[in-house]
Amino acid sequence: RLVVPDNLKTGVTKNTRYETVIPRAYQEMADHYDTAIVPARPKAPDDKPNAEGSVKFATTWILAAIRNYHFLSFEEAYATVKEKLEALNNKSFKTRKGNRHTAYEEEERSFMHPLPPAPYELATWSTAKIHNDYTITDGLNRYSVPFDLIGETVDIRTTRDTVEVFFRGGRVASHVRLKKAQRDAVMVPGHMPEAHRRYLSYNKDAFLSWAESAGSSVSAVIRQFLEAGKEPEQGYKYCVSLMKAADRYGLARVDAACERALAFSSTPALRSILTILKNGQDKIPLNQAAEAPVPKNGTRHGITRGADAFRKGGANI
């Protein structure tokens with residue numbers, strides 16, 4: 001029911017008249033085995049004399065019994081110590097009836113709690129502040145946490161097989177701990193902002209599929225963006241910008257702008273397409289000739305040069 005340890009630093013962080021602080025991992029183990037930790041008072045060895053004396057007696061008795069033995073393996077030493085411990089437990093008391101084994105069965109066993117179904121798994125606790133990449137590390141790999149925790153301090157529980165993240169007492173993330181170092185962080189899509197999730201979905205096939213549904217001219221421009229560089233990824237940002245333009249202006253206008261841009265160049269630039277959309281040039285049919293404005297006198301002129309152009313030899317230009 002109770003565990004009464006010494007005030008060792010690894011087991012008791014603080015033990016005063018007003019406060020007792022137990023390390024989180026030790027408290028977690030006590031909870032797993034359904035027991036409570038009540039540290040002995042500082043400088044009060046009488047709080048647990050029986051336990052101290054029994055450990056000292058068993059250690060001295062067994063070491064004395066095997067002092068002349070020579071062991072060639074740990075397994076052999078372990079088997080011998082186990083044999084001697086069994087002999088000690090069955091050794092009769094000098095001043096009372098029975099032995100240590102019968103005392104346990106008759107006096108102590110009824111107070112014992114059953115062991116839990118699963119053995120306790122040692123956990124290491126640490127704290128970390130979440131940076132802009134919304135990941136934490138176990139020292140080998142990085143694991144994601146919800147992006148809205150950026151700037152917050154969280155508790156990290158690391159075991160042999162799992163990495164768990166807690167914020168204000170509640171678990172916000174859990175990952176299977178990887179044994180080999182990975183180049184990229186282990187990301188859960190639900191931990192990412194919408195923009196980041198959309199970015200991860202970008203690939204050549206996705207862009208081409210969207211372009212085919214947008215129009216033949218858009219499809220030609222998207223292919224040009226993806227094939228202009230050494231790798232398709234070099235054109236991803238241009239494709240994304242064109243998709244954003246479609247959200248703003250509509251697919252029909254973007255397709256018309258791409259058609260106009262392709263009429264002047266087989267490799268149109270994104271800037272040119274956006275300029276056409278901004279100026280509304282996509283609304284003017286390609287086969288309609290742009291007429292020059294008619295002056296007030298009603299006459300039309302081509303390109304004219306002033307007197308200064310002729311003085312500089314403009315007639316020969």
Crossing angle, helix 204-214 versus the chain [Cα axis fit, 0-90 degrees, rounded to tens]:
40 degrees
Pairs to check: Lys9/Lys179; Lys129/Lys180; Lys14/Lys179; Lys129/Lys179; Lys180/Lys230; Lys43/Lys91. Give those whose C-alpha atoms are more than 27 Å from each other in this structure.
Lys9/Lys179; Lys14/Lys179; Lys180/Lys230; Lys43/Lys91
Expected sort for 200-213, 253-266 on mean C-beta neighbours within 10 Å, highest first, is 253-266, 200-213
In whole angstrom, largest first, the equivalent ellipsoid semi-axes that the Cα gyration tensor gives for the range 66-146 are 48, 23, 10
For the range 12-116, just the Cα atoms, rotate onto the principal axes and tell me the three extents in Å, largest first.
50, 38, 33
Provide the per-residue ³J(HN,Hα) series for the range 251-259, in order, calculated from phi with Karplus coefficients 6.51, -1.76, 1.60 and θ = phi - 60°, each as a whole number of Hz, with x at glycine and proline positions.
5, 4, 5, 5, 5, 5, 5, 5, 4
Dividing the alpha-carbon radius of gyration of the range 165-225 by 2.2 N^0.38 Å (N being the number of residues), what value is obtained?
1.76
Under Stokes-Einstein, with the Kirkwood radius over Cα pairs standing in for Rh, what whole-number D in µm²/s applies to the chain at 25 °C and 0.890 mPa s?
84 µm²/s
In Å and on Cα atoms, what radius of gyration and Dmax does the range 94-135 show?
23.1, 70
Check Val186: other-chain or 5+ apart residues with amide H under 5 Å from its amide H, H built from backbone geometry?
Arg142, Tyr143, Ser144
Divide by every residue of the chain the summed helix terms, -39500 (n - 2.57) for each DSSP H run of at least 4, and state the resulting mean residue ellipticity at 222 nm, rounded to the nearest 500 deg cm²/dmol.
-11500 deg cm²/dmol
Please give the net charge around Ala211, taking every other residue with its beta carbon less than 11 angstrom from that of Ala211, where Lys and Arg add +1 and Asp and Glu add -1.
-1
Quickly rank 215-223, 102-110 as a protection proxy: mean count of other C-beta atoms within 10 Å, highest first.
215-223, 102-110
Can you give the angle from 0 to 90° between the axis of helix 49-65 and the longest principal axis of the chain, with both taken from C-alpha atoms, to the nearest 10?
80 degrees
Which angle from 0 to 90°, rounded to the nearest 10, does the C-alpha axis of helix 74-89 make with the longest principal axis of the chain?
40 degrees
Ranked from highest to lowest mean number of other Cβ atoms within 10 Å per residue, what is the order of the peptides 65-78, 13-26?
13-26, 65-78
Kirkwood-type radius of the range 44-99, with distances r between different C-alpha atoms, in Å:
13.0 Å
In whole angstrom, how far apart do the alpha carbon centroids of the range 33-53 and the range 168-199 sit?
43 Å
Can you give the convex hull volume of the alpha carbon atoms of the range 106-249 per residue, in Å³?
180 Å³
In whole Hz, the Karplus estimates of ³J(HN,Hα) for the range 220-228 (6.51, -1.76, 1.60; θ = phi - 60°; x where Gly or Pro) are 5, 5, 4, 4, 5, 4, 6, 9, 6
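Laboratory data are not the source of any read-out in this text; all were calculated from the coordinates shown. The structure displayed is predicted, hence computed values, not measured ones. Because the Cβ atoms are built from the backbone with ideal geometry, glycine has one as well, and the counts that use them run over all protein chains shown.
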